[in-house]
């Protein structure tokens, strides 16, 4: 039976016995979120194309009963198979976390149309398709939640990564609308909008010469972003920013979009220095080899 639309969340999220499905389950943010909710007694289902990475995360989690389902979430057939597996094993989803994503440092005037389609599909279409097809399993929960990892790039244009920006602008708007629509239908929908986070994706983007603006400050840790996500379980709201001060800065800048061509060069130098420092730190930590390749 679907929960009452009028329910509130007066107490912290219980955790114990909750079935939590996390996409991009082998990634850095997903790993830390999974660890934090598993420590509260949740059972994790990690979904990822990279079975080895997801298996390593599952093996590291406290508690028992965690599992990995391999699937390409851009494929409807795979999404339906993943959800059928979850249904057979658990019968419901208490929390669905959309954490998969990609970016590319290829410039818009140089990249292929096929690569544009791929990035939009991974970052925008796939989480929307999964969330829609997961609705029956969410409705089987007494208190269903959806948390989507968006990006601060969803409210500020990044010149070097326009397709990532487009996908995140779209994902943010969709999740805001879905949150309003499903609120009175008993499903709580939230989004987290992190700025640059020290994950494999950011490391590769930095090496590929991606957007330097995001390195104004040192990247935050995946643990910090995950903690913000857990707070959304304890005290739900539609959106949360791991670094609220950054969110106010970029939103203020976007009030004057015609000024962006003049404003952005003011930050470029600091960002490029921050990016170079970040890459140097990766080398010092042994995460980049002598040929400049990311070490897994």
Rounded to 10°, Cα long-axis angle of helix 260-284 versus longest principal axis of the chain: 80
Whole-angstrom gap from the stretch 95-143 to the stretch 242-258, using each part's C-alpha centre: 25
Along Cα→Cβ, 7 Å out, is where each label goes; now give me the distance between the ones at residue 113 and residue 284 in nm to one decimal. 4.7
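Counting other C-beta atoms within 10 Å, which of 256, 100 has the fewest, and how do the rest follow?
Working: 256 10, 100 23.
Fewest-to-most Cβ neighbours within 10 Å comes out as 256, 100.
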What is the extension gain from residue 245 to residue 296, computed as 0.36 nm multiplied by their sequence separation minus the C-alpha to C-alpha distance, in nm to one decimal? 15.1 nm
Stokes-Einstein diffusion coefficient of the stretch 157-296, Kirkwood radius over Cα pairs, 37 °C, 0.692 mPa s, in µm²/s: 195
Roughly how tilted is helix 28-38, in degrees to the nearest 10 and between 0 and 90, from the longest Cα axis of the chain? 30
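Defining a contact as two alpha carbons under 8 Å apart and six or more residues distant in sequence, what relative contact order in percent does the chain show? The partial results should precede the final answer.
Working: 519 pairs, mean separation 54.8, N = 296.
Relative contact order here is 19 percent.
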Would you mind checking the tilt of helix 51-60 against the longest principal axis of the Cα atoms of the chain, expressed as 0 to 90 degrees and rounded to 10? 70
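So for 238, 178, fewest C-beta neighbours within 10 Å to most, what's the order? Before the final figure, lay out the partial values.
On the way: 238 15, 178 19.
Listed from fewest to most nearby Cβ atoms, that is 238, 178.
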Expressed in nanometres to one decimal, the distance between label points 7 Å along Cα→Cβ at residue 128 and residue 80 is 2.0
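Can you give me the orientation-averaged projected area of the convex hull built on the Cα atoms of the stretch 34-174, in nm²? Let's see the in-between values first.
On the way: hull surface 36.5 nm².
Orientation-averaged projected area of the Cα hull: 9.1 nm².
No lab work stands behind these numbers, since they all come straight from the coordinates. All values reported here derive from a predicted model rather than from experimental measurement. Neighbour counts are summed over all protein chains in view; Cβ atoms, including those assigned to glycine, are modelled from backbone coordinates with ideal geometry.
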